[in-house]
Structures are given as C-alpha cells and as structure tokens.
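Q: Can you read through this structure? Questions will come right after.
The values are calculated or read from the model by the stated rules, or taken from the named source; none is laboratory data. Everything quoted here is computed from the prediction, not taken from an experiment. Positions of Cβ are backbone-derived with ideal geometry, glycine not excepted, and every protein chain shown enters the neighbour counts.
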Amino acid sequence: MLEEFKINKHKGEDDMKILSLQELELKYPEIPDHMLMALMQYRDVGRPGRGFLKALLCNDLMGTLERADNVNVKLLRDYGILLFNNMPRQCFGSPERYSNWVQHRGLENESD
C-alpha cells in the first residue's frame, strides 16, 4: 500500500532523498515505467514533459484528466503521492514552477 500524503509535515528539501528509477519502480509499481522515466528526466535535467505529464506538473486538474489515458487516470492519487513525497517542491505545482524548472535544466544545475 502506498504511503499517505504528509500534508502537515513537509519534508525539507535537504531531507529529500533523490530516488533512482529502480527505487521509484519498487515504491510505485503501478505507475508505468515510461512515465517514471519521463518524471526522472524532467527532475534530473529539466526535460519538458508533454500532454498528461505537463498538465500534472503544472497542477492543471482538468488538463490532466483530459490527457490521461485509461491507465494513468486511475493512478492520479499515486502520482500525487510521488510528487509530494519524492520531487523537489520547486519543480511542480504551477505553470511558472514548471517553466522555471525546464529553463534551469532540473537538478543538473542545482549546484550552480
């Protein structure tokens, strides 16, 4: 069973462990591998997501629902938990954060 949202207690960015693809696959087995890979590429090097993934990262509920396929529409809660617990806060939640993350090229430039 997936972990619950930790709404009252945000992990600090310093406490967040960056998970590998294998770790994400173990933690979120229902999410398709190609979607986990796309999320990692977005997180790590700012590779822009398209369609469903972009809408999800921009916090566009209607766009996310309209672009989700039959598999992903059933996994929206899982995606929410993954983003909330395993992605840097500054990379999702609004179109501005999404654009800034892509421009910044993800974690690749974190130390710059």
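Q: Cβ-Cβ under 8 Å, sequence separation 6+ or interchain: first residue in the range 69-94 and in a loop (DSSP other than H, G, I, E, B), partner loosely packed, with under 13 Cβ neighbours inside 10 Å. Which pairs?
A: Final answer for the pair search is Pro88/Glu13.
Q: While we're on this one: If I filter the range 52-71 down to residues being in contact with a helix residue (DSSP H, G or I) (Cβ under 6 Å, 6 or more places away or on another chain) and not small (Gly, Ala, Ser), which single residue comes out as nearest to Met87 (Cα to Cα)?
A: Leu57
Q: Sticking with this structure for a sec: Taking the range 50-67 as the region of interest, how many residues are without any contact (Cβ under 8 Å) to a residue 24 or more places away in the chain, buried (at least 17 other Cβ atoms within 10 Å of the Cβ) and under 28 Å from Lys17 (Cβ atoms)?
A: Residues that pass the stated criteria total 4.
Q: Name the one entry in Tyr42, Tyr28 that is under 24 Å from Asn109 (Cβ atoms), surrounded by 11 or more Cβ atoms within 10 Å (Cβ to Cβ) and at pLDDT 95 or above.
A: Tyr42
Q: I would also like to ask the following. Can you name every residue in the range 68-112 that is under 18 Å from Asp33 (Cβ atoms), charged (D, E, K, R) and surrounded by 15 or more Cβ atoms within 10 Å (Cβ to Cβ)?
A: Asp78, the sole residue that qualifies.
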